[in-house]
Amino acid sequence: MLEKISALTEEVSNVKVSSKEELESFRLKYLSKKGLVSELMEEFRTVPPEQKRELGQKLNSLKVFINDKYNELKDNLSSGSASDFAGIDLTRTATQFPVGSRHPISIIKNDIVRIFSDMGFTVVEGPEIEDDWHVFSSLNFPADHPARDMQDTFFISRNPLDVLLRTHTSSVQTRTMERNQPPIRIICPGRVYRNEAISARAHCFFHQVEGLYIDKNVSFADLRQVLLNFAQEMFGPETKIRLRPSYFPFTEPSAELDISCDICGGKGCPFCKETGWVEILGCGMVDPNVLEACGIDSSVYSGYAFGMGIERITNLKYKVKDLRMFSENDVRFLAEFESAR
Ligand code: PHE
């Protein structure tokens, strides 16, 4: 019997299987009720008592060994033996995996954020559902200003507090000034809403990045330098800027910033309406009334603010003619920007 046991051990240790069928015949041959192990167990009964101890141990180890072998063969099979790949050509080139692309608005937003971060601005975000105070009153809008009108602002409720969708991210600046004392140097990217008829040139929502810097002795010259740096980082080192006087309730003086048209290089073309300049943002020195409304002493501190539409900048970079493309999510349009990053 000892010989049988060692012969079986030897035999089993050399077994290899390459299919489920072969694995099953292994099980039947050795481990089933009528298998060789059971047969040995049967024989064991007839063994004289003085040999029982030794043989019993040997037989048990054999059983354990064959069981382990069976599990090992089974594991190898399920982790993929050659026969599992029969008919599959492993050398074939893989089919192309569809990769998503970044939305052009996100690409440009990230660029704007990067440029201003490099100049020491921190990103701050705020709620899209706002109240009258943060969007209008704190920003020096007179009570009868047309922007509050139903024409421009989406009101959610009139009572008891005016609840509305923010029309600009200047509200995030107000919120920041209320909670912090200068120096404050922030940019506020985000989505804004205005009640406009949807067309190629206008939409009821769009995206802005607004900036704010408050400290002692901040001047218009500081504002101009920061904007020049931004324009040249965004549109190239040859870009020139021009500031035109303008009006915003929350800044005094106020200006609009034009950059030299990068299509005609400033000579004049249909894109810049033959002027050589295209407008990109609004800016100005923060009105002392706004500082006071937010708890900042305007006799000590001054500051500048600016705000731009991300769609506008994106249009200038990528020449997208119809604003609606940005929100239609047509993958043929979106895929064009895959290689942009
Ligand atoms: N809030 C203005 C807008 O939405 C932009 C702006 C911001 C202008 C800061 C001047 C200063 O159009």
Using only DSSP helix segments of four residues or longer, with each worth -39500 (n - 2.57), what per-residue ellipticity at 222 nm results for the chain after dividing by its residue count and rounding to 500? -11000 deg cm²/dmol
Whose amide H sits under 5 Å from the amide H of VAL123, counting only residues 5 or more places off or on another chain, with H placed in the peptide plane? ILE187
Two pseudo-spin positions, 7 Å from Cα along C-beta at TRP133 and at VAL300, lie apart in nanometres by 2.2
Could you tell me how far the Cα centroid of segment 138-201 sits from the Cα centroid of segment 274-341, in Å? 15
Between ALA86, ALA202, ALA94, find the one with the highest GNM mean-square fluctuation for the chain; connect C-alpha pairs within less than 10 Å. ALA86
Per residue, how much accessible surface does segment 257-332 expose to a 1.4 Å probe? Answer in Å², no decimals. 46
Using amide H atoms built in the peptide plane, which far-off residues or other-chain residues are under 5 Å from TRP277 H to H? CYS261
Charge tally for neighbours of PHE235 with beta carbon under 12 Å away, counting Lys, Arg as +1 and Asp, Glu as -1, is -3
Formal net charge of residues neighbouring LEU36 (Cβ-Cβ distance under 10 Å; K, R +1; D, E -1): +1
Carbon/sulfur accessible area of segment 25-81, % of total, 1.4 Å probe, equals 50
Mind pulling up the Rg/Rh value for the chain? Radius of gyration and Kirkwood radius, both on Cα. 1.44
Summarise the accessible area of segment 185-291 (1.4 Å probe, protein heavy atoms) by the percent that is carbon and sulfur. 50
Per 10 Å bin, what percent of the C-alpha pairs of segment 44-164 does each bin hold, from zero upward? 9, 15, 12, 12, 8, 9, 11, 10, 8, 5, 2, 0
Express the C-alpha Rg of segment 1-98 as a ratio against the empirical globular expectation 2.2 N^0.38 Å, rounded to two decimals. 1.55
Cysteines (scope the chain) whose Cβ has no counterpart Cys Cβ under 4.7 Å: CYS188, CYS204, CYS283, CYS294
With θ set to phi - 60° and the Karplus curve 6.51 cos²θ - 1.76 cosθ + 1.60, what are the ³J(HN,Hα) couplings of segment 193-203 in order, to the nearest whole Hz, using x for Gly and Pro? 10, 9, 7, 10, 5, 6, 8, 5, 10, 8, 9
Can you tally the net charge around SER299? Count Lys and Arg as +1, Asp and Glu as -1, for every other residue whose Cβ sits under 12 Å from the Cβ of SER299. -1
Given springs between every Cα pair under 10 Å in a Gaussian network model of the chain, which of MET308, MET41, MET119 has the largest fluctuation? MET41
Can you give the Rg and Dmax of segment 201-341 based on its C-alpha atoms, in angstrom? 17.3, 55
Gain upon complete extension [PHE220, ALA94; 0.36 nm per residue less C-alpha separation]: 39.5 nm
Mind listing P(r) for segment 135-279? All alpha-carbon pairs, 5 Å bins, whole percents. 2, 8, 13, 17, 19, 17, 13, 7, 3, 1, 0
Below 29 Å, Cα to Cα, which lysines can LYS273 reach? Residues fewer than 8 away in the same chain don't count. LYS109, LYS240, LYS317, LYS319, LYS321
For a quick check: with amide H placed at 1.01 Å from N, whose amide H comes under 5 Å from ALA255's, ignoring anything fewer than 5 positions away on the same chain? SER246, CYS283, GLY284
DSSP loop (so not H, G, I, E, B), at most 15 other Cβ within 10 Å: list which trypsin sites (Lys or Arg not before Pro) in segment 137-183 pass both filters. ARG158
Quick one: compute a quarter of the convex hull surface over the Cα atoms of segment 97-215 and quote it in nm². 10.1
Counting alpha carbon pairs within less than 8 Å and at least 6 residues apart, what relative contact order, in whole percent, applies to the chain? 15
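The values are calculated or read from the model by the stated rules, or taken from the named source; none is laboratory data. On a predicted model such as this, the values are computed, not experimentally measured, just so you know. As a convention, Cβ positions derive from the backbone with ideal geometry for all residues, glycine included, and neighbour counts pool all protein chains shown. Just so you know, the surface numbers come from the protein's heavy atoms only, side chains and all, with ligands and any DNA or RNA stripped out. Shrake-Rupley method; radii C 1.70, N 1.55, O 1.52, S 1.80 Å.
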